[in-house]
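Structure record follows, encoded as structure tokens.
The values are calculated or read from the model by the stated rules, or taken from the named source; none is laboratory data. Everything numeric here is computed off the predicted structure, so don't read it as measured data. Positions of Cβ are generated from backbone atoms using ideal geometry, with glycine treated the same way; all protein chains shown enter the neighbour counts. Only protein heavy atoms, including side chains, enter the accessible area calculation; ligands, DNA and RNA are left aside. Shrake-Rupley method; radii C 1.70, N 1.55, O 1.52, S 1.80 Å.
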Amino acid sequence: MDKNKVIESATKLIAKGQFDKAIKEYQRVLELDPDDVRVLQKLAELYQKMKKQSEAADCFEKVARTYAAQGFYLKAVALYKQVLKVVERVEVNVRLAELYQQLGLVGDATKEWQTVAAHYEKSGDHKASLDTLKKLVDLDPDNVASRIRLGEQYARQDDLVEAVAELRRAAQYLQRNGRTDDYLRVAERISHLDQADTGLAHELAEHFLSKGDSKRALSKLQICFKANPRDLNTLQMLAKAFQDLGQTSKTVSVLKELAHVHADAGRADDARNAYEQAAELAPDDAEVRSGLQSVASIRPAPAAARGAPRTAAPARTAPAQAAGQTSRQGQAREGGNQAIGAGVAPATDSSLRVVV
């Protein structure tokens, strides 16, 4: 069979509008030479004229695969892009991404991998999405948006260790590059996923308080308070947050607890200051008045002991009153701590949405 004559015959049939007969002519050639790229391309163009998009895409793909196998990567890229103009095929995006990587075109490869990841996310194939996002991060470690998406994908699969690790890397990058707003959004997400990180919760609480956002500060102070209800900085920030929100009774409860912590450590002046602040807000509070009287008799702690409160200290009372009074004080302080904790807003559990 003379391939050129068969192709010429097919061309004449196309000119006459006899497309089906032309296809049969092209297929005769492909039976002898399935990888004839010239015929495959002509057949693809004919299918396009006939609005048979899937068949056209199949032919273009065969040509692209042949070019790629022969090392003609740029020609293969052009053909794969032609396929995507005809139909949407995620497998073609994958091949394009791989070819771009071979050509060292990181930006183009990144774009294709992002398309692939979005496809898998939309279809609910979380494993394929995760694998694709890993490739994206490996390809471009400084692409913080991809790293955040990877972290969120780990979180969706309940792999919180990996999720937090990726989000921390993203946060560090954002902080290094002065992108403060984005850093804070990522840091807040990390804080929700890793509530053992009280240092980060404290940092966020300080930031929110400085911006006058006491409600968000409270959600982070909840983490700090649960970890250590006697931490001075946490109690001071809680008092400020409650006062800013106009919650006087909770502010007083926190100030009383702050005074107790100072008193237990022998810091009479600090305890007196806390009680005096509470007295300004609640002058009729019997416990506050009693506290002010009691701090006058506190012996100053040794200098070495004044730096930090002790985790526990017995109340100094007369022997005959010790049992009953200690019980009443413990119940009152426990109730105060419960009131403090109950006033703290819960942390959000929504996934991270950050424009980067």
### Query
By a straight-distance test (C-alpha under 19 Å), which aspartates and glutamates pair with Lys256 as possible cross-link partners, with residues fewer than eight away in the same chain excluded?
Asp231, Asp244, Asp264, Asp269, Asp270, Glu276, Glu280, Asp284, Asp285, Glu287, Glu334
### Arg216 accessible area, 1.4 Å probe, all protein chains in place, Å² to nearest 10
100
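Length gain on complete extension for the stretch Asp158 to Lys81, per 0.36 nm per residue less the alpha carbon to alpha carbon distance?
Details: separation 77, 0.36 × 77 = 27.72 nm, distance 3.67 nm.
So the extension gain works out to 24.0 nm.
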### Task
Along each of the three principal axes of the Cα atoms of the range 193-233, give the extent in whole Å, ordering the values from largest to smallest.
24, 24, 14
### Task
Would you calculate the separation in nanometres between label points at Lys24 and Asp181, each defined as 7 Å from the Cα along the Cα-to-beta-carbon direction?
6.7
### Message
For a distance above 22 Å, tell me the whole-number percent of Cα pairs in the range 1-83 that qualify.
### Response
24
### Task
Please give the contour-minus-distance gain from Leu232 to Glu98: 0.36 nm per residue of separation, less the Cα-Cα distance, rounded to one decimal in nm.
42.7 nm
## Note on the structure
In Å³ per residue, the alpha-carbon convex hull of the range 211-295 encloses 84
### Task
Arrange the residues His262, His119 by how much accessible surface each exposes, largest first, with a 1.4 angstrom probe.
His119, His262
### Message
In Å, what Kirkwood hydrodynamic radius results for the range 150-208 from the alpha-carbon pair distances?
### Response
11.4
### Query
By per-residue mean of other Cβ atoms within 10 Å, what is the highest-first order of 98-105, 272-279?
272-279, 98-105
### Task
Compute the distribution of all C-alpha to C-alpha distances in the range 133-232, in bins of 10 Å from 0, and list the percent of pairs in each, rounded to whole numbers.
16, 43, 30, 10, 1
#### Entry: Per-residue ³J(HN,Hα) for the range 104-114, Karplus 6.51 cos²θ - 1.76 cosθ + 1.60, θ = phi - 60°, Hz, x for Gly and Pro
x, 8, 4, x, 5, 5, 4, 4, 5, 5, 5
### Query
When we measure straight from the Cα of Lys5, which lysines land under 20 angstrom away, once same-chain ones fewer than 8 places off are left out?
Lys16, Lys21, Lys24, Lys42
